[in-house]
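Accompanying notes for the structure given below.
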Amino acid sequence: MDEASPGELADVAYGLFEVMLNTELRACGPYLFELVEKGTDFESLFVSIFEKFSTEYPQLGDALLVSCGSRTGLYQSIREGEGVVPSKTTRMYWIVQDAPDVHPDAIEDDLAGKWLIFVPPDHVDEAWIKVRNATCKKELGISTKVSTAKPNPDSRDNMKVIYVYTRDWRDETDVMRVRERLRELGFTDRLGYKRNIETFRGEYAQKGKRVTFYSA
């Protein structure tokens, strides 16, 4: 296996650090996005969490410091929207927001599935806030994630996508409840729902082939 470049290692490190940062902040109360969007100075918390990360993963901590120039540089990039605002996130392909009390691995279950919302890049930030906030209020499904400004080699066009996950594709009542709430949030165009089992098989929409299980 080829050794990761310094930039690739730093991006992997950032993704892991963001998970720890979100987890530790939630243990104290606020979501990371709440602190960033309110302009709250949380540097003391950030420093303690970064020190914990660097102690547990010294090579990754060093990679982050090299790529950002300093711990302050990393902190400022987050306050400016890295890892929070899709259009300002360039280190991760996705921003993920789980619903409260949902295990992060729940979206990997074979029975899970997701509504797919495609939006133009200039509308993704606004759309993401609506879906993310509703997810945090337990109004939608188990989790949601959004594609970011980081160029993704798997993308087929410049559209961004928001996935809205439900726990069990067989529970049509719950699946359609989530669809109705999305409609109330302003997503009135027809959406497709894809089961994880199709995703895991590597099945994607092609001309003459539909892989969405529900459409509404």
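Only residues that are under 22 Å from the mean Cα position of the chain (by Cα) and farther than 15 Å from residue 23 by Cα: list them for the stretch 44-62, please.
60, 61
Every residue, every condition in (1) assigned by TED's automatic domain parsing to the domain that holds residue 36; (2) over 13 Å from the mean Cα position of the chain (by Cα); (3) under 26 Å from residue 12 (Cβ atoms), yes or no:
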| position | (1), (2), (3) |
| --- | --- |
| 103 | no, yes, yes |
| 112 | no, yes, yes |
| 135 | no, no, yes |
| 141 | no, yes, no |
| 149 | no, no, yes |
| 158 | no, yes, yes |
| 170 | no, yes, no |
| 195 | no, yes, no |
| 198 | no, yes, no |
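Listed here are the residues, each with its yes/no results for (1) modelled with pLDDT of 95 or more; (2) not in a loop (DSSP other than H, G, I, E, B); (3) not β-branched (Val, Ile, Thr).
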{"site": "134", "(1), (2), (3)": "yes, yes, yes"}
{"site": "141", "(1), (2), (3)": "yes, no, yes"}
{"site": "152", "(1), (2), (3)": "no, no, yes"}
{"site": "163", "(1), (2), (3)": "yes, yes, yes"}
{"site": "169", "(1), (2), (3)": "yes, no, yes"}
{"site": "175", "(1), (2), (3)": "yes, yes, no"}
{"site": "179", "(1), (2), (3)": "yes, yes, yes"}
{"site": "199", "(1), (2), (3)": "no, yes, no"}
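Does the stretch 89-107 contain any residue that is among the aromatic types (Phe, Trp, Tyr), at pLDDT 95 or above, within 15 Å of residue 22 (Cβ to Cβ) and part of a helix (DSSP H, G or I)?
No, that holds for no residue.
Taking the residues in the stretch 26-44 that are among the aliphatic types (A, V, I, L, M) and at pLDDT 95 or above as candidates, determine which candidate is nearest to residue 125 (Cα to Cα).
Only one residue fits best here, namely 36.
Go through 26, 91, 71 for me and flag whichever is crowded, with 18+ Cβ neighbours inside 10 Å and charged (D, E, K, R).
Criteria check complete, one pass: 91.
Pairs, please: C-beta under 6 Å, at least 6 apart or cross-chain, first residue surrounded by fewer than 16 Cβ atoms within 10 Å (Cβ to Cβ) and in the stretch 107-135, second in a helix (DSSP H, G or I)?
110/196; 110/197
The values are calculated or read from the model by the stated rules, or taken from the named source; none is laboratory data. Here the structure is a predicted model, which is why all the values come from computation and not from measurement. Backbone-built Cβ (ideal geometry, glycine too); neighbour counts: all protein chains shown.
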